[in-house]
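Please read the structure below before turning to the comments.
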Amino acid sequence: MIDVQRRYGGSVVALIEVDPALVSMYGCAAIEPTDDADVVTVTDLVEKPDREDAPSNLAIIGRYVLAPEIFPALHRTEPGRGGEIQLTDGLRLLASEGEPMHGVLFRGRRYDTGDRGDYLRTVVRLAAERSDLGPDFRAFLREFVAGLAPESDDAS
């Protein structure tokens, strides 16, 4: 992302494709392609849009390289969704004023630790994959899961 900022200037956000049903959980970007398949020009941003108002299914995933111009832009940004000044809205202001803004398309494994279930899956996966913790932790998980009561269709 730093290399993209050096190349193009302005601010850079990390983007990932999400299921369109989930766009309301993220800030989403309207984009135009560049000559680089993993880099796009960001033309607009919307914080947690309704599905029908989302400019795309490209979600901002909380990784930024910000130009210093973001600070005066945030100062001029009115509170938005949730009554808070949203970084997405400040970035949107910069994009609307013609400041360079790009997105880097992330294609790897990502954990959304803002979601409680995904947070727990993240901790378990990372612990299980560690060479120093993994063997004992995986043995614990096998024993733990084996001891769980079987699920039934009439469980409430």
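No lab work stands behind these numbers, since they all come straight from the coordinates. Values in this document were obtained by computation on a predicted structure and should not be read as measured data. Positions of Cβ are generated from backbone atoms using ideal geometry, with glycine treated the same way; all protein chains shown enter the neighbour counts.
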I want the local charge near Ile61. Using Cβ-Cβ distances under 11 Å, sum +1 for each Lys or Arg and -1 for each Asp or Glu among the other residues.
0
Comparing Val42, Val12, Val123 in a Gaussian network model of the chain (Cα, 10 Å), the one with the largest mean-square fluctuation is Val123
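Which percent of the Cα-Cα distances in the chain go past 24 Å?
So the portion of pairs separated by more than 24 Å is 47 percent.
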How far, in nm, would the chain grow between Arg107 and Glu52 when pulled straight, counting 0.36 nm per residue and subtracting the alpha carbon separation?
17.4 nm
Near Thr88, within a Cβ-to-Cβ distance under 9 Å, what is the net charge of the other residues, with Lys and Arg +1 and Asp and Glu -1?
+1
